[in-house]
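**Student:** What follows is a single structure, and I will ask about it in a moment.
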Amino acid sequence: MPRRKLPYKACTKCKMLVDDKTEVCPNCGNREFSYEWDGLIIIVKPENSEVARLMGISKEGLYAIKVR
Ligand SMILES: [Zn+2]
């Protein structure tokens, strides 16, 4: 299954991936994270990205496709 080697956790609200030590999501300010995530997309220019708009992403970064 997924690659658990990556030291990332996913924001349960906006799905942004942050490293283990981050306590507040830099994208939406949420403080809840999940290690049960799957899939990975990189948003480079959220202002030009349809995907970013659909997912409500306004900040560039790594995002999980699915968060449980
Ligand atoms: Zn977030």
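**Student:** If each residue of separation counts as 0.36 nm, what is the full-extension length gain between residue 21 and residue 44 once their alpha-carbon separation is subtracted?
**Tutor:** Stretched out fully, the residue 21 to residue 44 stretch lengthens by 6.0 nm.
**Student:** So if I average 1/r over every pair of distinct C-alpha atoms in the chain and take the inverse, what Kirkwood radius in Å does that give?
**Tutor:** 11.9
**Student:** Considering only 13, 21, 45, give the residue with the highest GNM mean-square fluctuation for the chain, with springs between Cα atoms whenever their separation is below 10 Å.
**Tutor:** Largest GNM mean-square fluctuation: 21.
**Student:** In addition: Pairs 9/66; 13/45; 13/66; 15/59: which exceed 18 Å Cα-Cα?
**Tutor:** The pairs that break the limit, which is 18 Å between Cα atoms, are 13/45.
**Student:** Okay, helix-only estimate at 222 nm for the chain: each DSSP H run of n ≥ 4 adds -39500 (n - 2.57), divide by all residues, round to 500 deg cm²/dmol; what do you get?
**Tutor:** So the helix-based figure for the chain works out to -2000 deg cm²/dmol.
**Student:** Moving to a separate point now. Once the other residues with Cβ under 14 Å from the Cβ of residue 57 are scored (Lys, Arg +1; Asp, Glu -1), what is the net sum?
**Tutor:** For residues surrounding residue 57, the net value is +2.
**Student:** Tell me, what is the percent relative contact order of region 8-67, built from C-alpha pairs under 8 Å that lie six or more residues apart? Please list the in-between numbers first.
**Tutor:** Details: 115 pairs, mean separation 23.5, N = 60.
It comes to 39 percent, rounded to a whole number.
Just so you know, all these numbers are worked out from the coordinates, no wet-lab data involved. What you see is a predicted model; the values in this text were computed from it and never measured. Every residue, glycine as well, gets a Cβ built from its backbone with ideal geometry; the counts of neighbours run over all protein chains shown.
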